[in-house]
Each structure stands twice: as C-alpha cells, then as structure tokens.
Amino acid sequence: RVLLLGEGNFSFAASLCGAAGTCLVATCYESEEEACGREGAAENIRRLREGGAEVLFSVDCTKLKDYFLPGKRRFDCIYFNFPHCGRKAGVVKNRELLAHFFHSSAEVLTEEGEVHVALCNGQGGTPADQPRREWHNSWQVVAVAAGAGFILSNVHPFEAETIHGYKCTGYRSQDKSFCVKGALNHVFTRSTPLPCFKPVSCEVELERRKVSFQVPQVLVDKFNRGFLELNSNHPVWTIKEKLTAELSQAFPLQDTDCCLSLLHQGHLNGVCHSNVFWITLSPEETPSTEEVPNGLANAVLSSHTEICRDRDRNGWGNVQEEYNSHQYCLRPSLLPYAQAVIQRGASLPGTLHVLSGPVFRKCLITPSSMPVFHEVVFACAVGRGTEDSCIQMLVKNIESSIRALHQAVSSFKLSISLEEATKFGTAELSDFAALESQLSDIDSLICVETETSSSCVGTVRTNHDQLESSELVAVFASLNLDLLAMLVCGIADWRMLWTSDSRFLCQFPRGELRPFKTFSLYPPSYVHDVSFWVPDGGQFDEVAFHTIARQVSGEMVTSIQLLDSFQQPETGRKSLCYRLTFQSCDKALSCQEVAEMQLLLREEIKQRLAVTLR
C-alpha cells in the first residue's frame with residue numbers, strides 16, 4: 001500500500017500506476033475542482049482511477065488518520081514530493097509543516113514502512129546537499145523527523161527526467177514550478193525507541209555462595225548480551241573464532257572462558273581507583289542452582305534485588321559483612337586471569353590458553369573509549385630463551401588472520417605493525433592500550449592502520465618472574481575484539497556494536513563479515529553547556545562526571561570539552577564550564593529529548609558530585 005501526498009497534477013502518481021502488487025492511494029490538498037484545473041491533471045486522475053488507484057482530494061498531510069478507516073490506515077510507503085506551505089513561507093513554517101507531517105505519518109505507517117520526502121537542493125540541510133546551506137537557513141529535515149521517531153536511512157537524487165510523464169507543478173498559489181535540479185529524495189524509517197532501563201541485579205557465585213550486586217546503571221543494557229556465545233552471528237564472535245582457528249594451526253589451544261569470574265577481588269596494581277566499577281555485594285534471598293548459558297562465573301540477570309537479613313533461616317551467616325570486607329570490582333581486564341592460568345602450570349609448555357569475554361572500565365568520553373568491550377587474551381609458557389620466537393610466531397599468526405579478515409571484507413589497504421611500547425607516551429596510547437599498560441608493563445603494541453583510521457588493537461608482553469620454574473617465561477597477547485570488528489567491517493562508532501536495532505545484525509548473516517552500511521544517515525547533533533563551582537578544595541572527579549553523562553544520556557553524549565576554568569581570587573573557589581555534544585548513531589534523537597537529558601545531568605552532578613550549579 002502506497003500513499004502519495006501533495007500531488008499537484010497527479011503526474012507522479014500516474015507514473016506509478018499499474019505497478020504489480022501495489023495498491024495506490026493518491027491525494028492532494030486542493031479540492032477536485034481546483035486540482036482538475038491544473039494542466040494534465042484531469043487525464044492523470046482518469047488514468048489512476050481506471051488503473052484501480054484510489055484518488056482523494058482535500059487531504060491534509062498533518063491529519064492523515066482522519067481520512068482512513070482503522071483497517072486501512074497502514075501504508076508501506078508514503079511519498080511527499082516537494083512539500084511547501086505556499087506563498088513566501090519561510091524555513092520555520094516549512095519545518096513546522098514537516099514536523100506535523102512526520103507525526104501524522106507515524107500514525108498510518110507500518111512498522112517496517114518508509115517515508116519518502118523529496119526536497120529541492122539545499123533545503124534538507126544535510127551533507128548530501130551540494131552546496132550545503134547554513135544549518136539555520138535549512139529545513140533541518142533529519143532533526144525534524146527525529147521528533148516523530150524517524151531516522152534518515154537513505155538519500156539519493158530525485159531524477160525527475162527518468163519519471164515517465166512527470167511534471168513538477170510547484171507552488172499552490174503561483175503558476176510557477178519548483179527547480180528540481182539537484183533535488184534529493186530522503187528516505188526515512190522508524191527508529192527503535194530510546195531505552196528506559198530499569199535497575200537490574202546480577203547473581204554470581206563466590207566461594208560456593210551465591211551473592212548478588214546491582215549492575216551499574218550505565219552498563220545495564222550491556223550485560224548478558226551473549227555476543228561471544230556459541231552460534232552468535234555478531235561480528236565480534238566471528239573475529240574471535242577466526243583468530244583462534246588461525247592460531248590453532250601453529251599452537252595447541254586450550255579454551256578457558258568457562259571459569260572466568262565477572263568480579264575481581266581487591267585492587268589491581270597501577271590501576272586508578274576511579275577507572276573501575278566497584279561493586280557492593282548482597283546475599284541472595286534464595287540460592288540458585290541454575291546453570292548459566294554464557295558460563296561467566298554463573299552470572300545471570302536476576303529480576304529481584306531483595307536482601308535477606310535473616311541469617312538463621314537461609315544459612316547465609318553474616319555473608320554481607322564477610323564479602324564487603326573485601327572490595328570487588330567488575331573485571332577491567334582478563335590479564336589477571338591469564339596470569340593465574342599460567343601460574344597454575346596445568347598444561348604443557350607451549351600450550352596457548354585462550355580467554356575471552358567482556359571487560360568493564362570507567363573512562364572519559366572520546367571516539368575510541370569504551371566502558372565495556374570484548375577482550376581476548378592468548379597466554380602461554382615457553383622455555384627461557386625462546387620467548388622472542390614465540391612472540392614472533394604469535395604476532396605473525398595474529399597479523400595474517402587480521403589481514404585475511406580485512407581482505408575478505410574490503411579492497412582497501414591495511415597495514416599491521418608491532419611497535420615498541422617505549423616509543424609512545426601515555427597520552428599517545430589508545431584508551432585500550434593505556435589501561436593495559438597500567439596492569440603490567442607492555443613490551444609491544446599491535447597497531448592496525450587503514451586508509452581511513454588507525455588504532456592500537458592489542459598488546460604483547462612477557463613476564464620472567466610469574467612462574468615457579470626459572471626455566472619458563474610467560475607470554476601474553478591481548479586484543480580488543482570490538483576495535484578489530486570496527487576496523488574490519490568499517491564501523492565508525494563503537495556504540496553501533498551494542499545497538500538493539502535488528503538492522504545491524506541482519507547485515508552479518510550466519511556470522512559472515514561484510515562492510516557495514518549505516519541505517520541512520522547524518523544524525524543531528526545538539527550542543528549544551530554546563531558550568532558549576534567544584535566542591536571546596538578544588539577536587540573534581542572528571543571520570544565520574546563523564547560516567548554520569550553516559551548514564552543519563554544512554555550513551556548519547558559523544559564529546560565533552562572543557563571550555564573554561566576560572567578561579568575566584570577572593571575565595572579561591574574554582575568554576576568549570578563544559579560543552580557536551582549529544583548525538584545518536586542508531587536512534588532518532590530530538591532536541592526536546594536532549595534538553596531533558598541535560599536537565600537530568602545537572603541534577604545528577606549536583607547530587608553525586610556535590611557541585612554548585614551556575
């Protein structure tokens with residue numbers, strides 16, 4: 001079912017009439033008498049009716065549900081070519097027209113339907129317009145559509161000359177047609193709604209007891225996603241499988257994923273306290289004996305957060321005090337687990353242990369920083385003096401695997417290099433490598449460079465003091481699978497890996513790696529500033545500020561920039577001013593929704609960081 005709006009002489013509708021399997025409804029804003037006064041309109045209307053199409057007059061595009069019975073309101077495609085308020089209406093009035101039109105369309109469009117809007121060159125305000133108008137002087141079509149829950153999924157030239165019999169009529173009030181040279185057809189689809197996450201608890205087993213903890217709110221949508229589970233078709237899983245398959249040709253492999261705990265006890269040497277998610281444990285009301293599919297230390301999502309305080313009834317004893325006398329955090333790396341596996345010495349020297357799973361870190365908001373990502377660690381013990389050749393073989397196989405993955409997806413050149421870590425300062429390292437270097441000394445970095453981007457995707461290190469036997473040396477290689485997936489498949493934004501929109505995973509059927517094609521083009525961005533006095537003493541936790549911004553926006557904040565820092569001479573009080581940029585990579589995000597996020601951010605930092613808002 002196809003709905004055409006704002007038809008002038010019905011020549012566009014006539015060109016579509018008779019298409020197999022199509023039910024056409026053509027409408028115009030004018031009365032039938034007015035419409036038939038246009039050149040060629042009467043003949044086109046006759047052809048449409050003879051072809052079985054429905055023709056309606058005096059249809060207001062902002063009130064579409066009023067013209068169709070409930071059973072006939074669902075259209076698969078809606079066309080609105082060259083909308084205009086008439087006369088010399090400015091950009092503001094035409095934006096308002098589009099806003100009402102999109103809201104009206106949402107009421108009569110199928111879930112998988114499309115809305116096509118043709119605009120003259122420059123009107124849309126997107127980079128596809130050449131030349132591009134200044135934003136304030138455009139119709140801001142993507143931002144306007146976002147207000148009704150639509151994203152721009154495609155844009156292509158409106159080639160009027162290829163449409164048989166089509167003649168653009170133009171302004172309703174004037175005998176003047178639009179200039180359609182360079183016009184663009186904008187194709188909009190429904191967005192998945194912005195999420196509203198409820199608090200979630202996670203149950204884990206520690207020392208044969210089941211305890212639970214509240215999942216940090218910023219991570220709720222990233223827990224238990226199962227990207228690395230068997231038969232997953234997520235590109236992160238595919239890359240991990242192909243890497244291990246390549247390495248199995250050179251090393252005997254042993255997979256140890258099933259025994260990894262989500263929680264790490266105590267401090268990690270060199271890791272800043274503010275960079276990890278610290279957890280408060282609580283005993284579960286009812287112990288669970290269910291096995292967990294992902295094997296992550298029996299971690300399962302639990303809908304209840306009740307804390308049992310009756311030690312006698314359930315036999316927990318004073319378990320809350322017992323566990324919280326030690327500090328636990330969500331694991332920021334798999335390296336300590338790999339080190340423990342090597343220390344146990346449970347396998348023959350030269351066996352390559354494979355550990356993989358999600359890891360969690362608080363970090364500043366930058367294009368490459370991820371509060372959670374999937375890490376794979378390869379670890380083995382080798383004879384002293386052979387560690388260099390082991391590293392060379394390990395890196396060579398990793399390089400060849402990454403190169404093969406990339407060549408299967410893209411024709412662009414890719415270069416991989418092993419760089420000495422001493423060549424880089426901490427500020428030059430990627431967020432991934434910088435924190436890995438805190439966990440233990442890095443010998444080398446695995447760097448990948450394409451024609452459009454470059455990144456450190458892995459680290460290599462040796463440890464001569466880790467093993468009881470003085471004849472053995474531990475070798476570790478760690479890779480960020482999320483970064484690799486982005487580089488191999490051309491995914492520009494790490495958040496896309498975590499999208500709930502089915503249009504992402506459907507591009508990788510049966511785990512096949514392909515170039516990713518975004519389904520949300522030119523998403524609008526919004527800028528807000530916030531300024532405040534920091535607490536007395538001048539201490540301000542910037543990582544905590546960024547984490548709160550991630551949480552309240554649902555990862556919609558893409559940049560936080562310090563604009564100004566001011567210290568009052570008389571009192572010594574310090575004031576900071578930050579600029580936040582909001583943008584979604586996969587969902588419709590309206591200016592109203594961003595304004596609400598900004599207000600919530602102000603309240604949260606006031607309460608949790610004890611700042612005084614200005």
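Per residue, the accessible area of the range 8-59 comes to 49 Å², computed with a 1.4 Å probe over protein heavy atoms only. For T558, the residues 5 or more places off, or on other chains, whose built amide H falls under 5 Å of its own are T581, F582, Q583.
Remark: the range 190-203, residue by residue, has Karplus-estimated 3J(HN,Hα) of 5, 9, 5, x, 4, x, 10, 8, 8, x, 10, 10, 10, 9 Hz, where x stands for each Gly or Pro and the curve is 6.51 cos²θ - 1.76 cosθ + 1.60 at θ = phi - 60°. Ranking T280, T27 from most to least accessible surface, computed with a 1.4 Å probe over the protein chains only, gives T280, T27.
Over the chain, what is the relative contact order in percent, taking alpha-carbon pairs closer than 8 angstrom and at least six residues apart?
Numbers: 1184 pairs, mean separation 73.6, N = 614.
Rounded, it is 12 percent for the chain.
Grab the Cα-Cα distance for E207 and D60, subtract it from 0.36 nm times how many residues apart they are, and report the gain in nm with one decimal.
Details: separation 147, 0.36 × 147 = 52.92 nm, distance 6.76 nm.
The E207-D60 span can extend by a further 46.2 nm.
A convex hull fitted around the alpha carbon atoms of the range 526-613 yields 79 Å³ per residue. Here the Karplus curve 6.51 cos²θ - 1.76 cosθ + 1.60, taken at θ = phi - 60°, turns the phi angles of the range 328-343 into couplings of 10, 9, 5, 4, x, 6, 8, 4, x, 5, 5, 5, 5, 4, 5, 5 Hz, with x standing for Gly and Pro. For the range 2-190, lysine pairs separated by 8 or more sequence positions, or belonging to different chains, with Cα-Cα distances below 18 Å total 5.
Only lysines eight or more places from K606 in sequence, or on another chain, were considered; those with a Cα closer than 24 Å are K198, K362, K574.
Counting only helical runs of four or more DSSP H residues, what would the 222 nm mean residue ellipticity of the chain come to if each run contributes -39,500 (n - 2.57) and the total is spread over all its residues? Let's see the in-between values first.
Details: 15 runs with 151 residues, N = 614.
Dividing the helical sum by the residues of the chain leaves -7000 deg cm²/dmol.
The apolar share of the surface of the range 526-613, taken as the fraction of accessible area on carbon and sulfur atoms (1.4 Å probe, ligands and nucleic acids excluded), comes to 46 percent. Listed by chain and number, the lysines placed with their C-alpha closer than 26 angstrom to that of K396 are K240, K242, K413, K423; residues fewer than eight positions away on the same chain are left out. Of the trypsin sites (Lys or Arg not before Pro) found in the range 73-121, those that fall in a DSSP loop while having at most 15 other beta-carbon atoms within 10 Å are R74, R87, K88.
Put simply, the amide H of N121, placed in the peptide plane, has neighbours under 5 Å in A183, L184, leaving out anything fewer than 5 places away on its chain.
Placing W494, W278 in order of accessible area, with the largest value first and a 1.4 Å probe, yields W278, W494.
Rounded to the nearest whole Hz, the Karplus-based 3J(HN,Hα) values (6.51 cos²θ - 1.76 cosθ + 1.60, θ = phi - 60°) of the range 24-37 follow the sequence 9, 10, 10, 9, 9, 7, 7, 6, 4, 5, 5, 5, 5, x, with x at glycine and proline.
In square nanometres, what is the average projected area of the Cα convex hull of the range 2-190? Present the calculation step by step, with values, prior to reporting the outcome.
On the way: hull surface 40.4 nm².
So the mean shadow area of the Cα hull is 10.1 nm².
If you plug the beta carbon distance of A492 and K93 into 1/(1 + (r/R0)^6) with R0 = 35 Å, you get a FRET efficiency near 0.50.
Helix 542-553 and the long axis of the chain differ in direction by around 40°, with both axes built from C-alpha atoms.
Averaged over its residues, the range 171-255 has an accessible area of 51 Å² per residue, based on protein heavy atoms and a 1.4 Å probe. The peptide list 564-570, 343-349, 66-72, 327-333, put in order of mean Cβ contacts within 10 Å with the highest first, becomes 327-333, 343-349, 66-72, 564-570.
The values are calculated or read from the model by the stated rules, or taken from the named source; none is laboratory data. Keep in mind the model is a prediction, meaning the values are calculated, not measured. Virtual Cβ from ideal backbone geometry, glycine too; neighbours counted across all protein chains shown. Note: accessible area is taken over every heavy atom of the protein model, side chains too, but ligands, DNA and RNA are not part of it. Shrake-Rupley method; radii C 1.70, N 1.55, O 1.52, S 1.80 Å.
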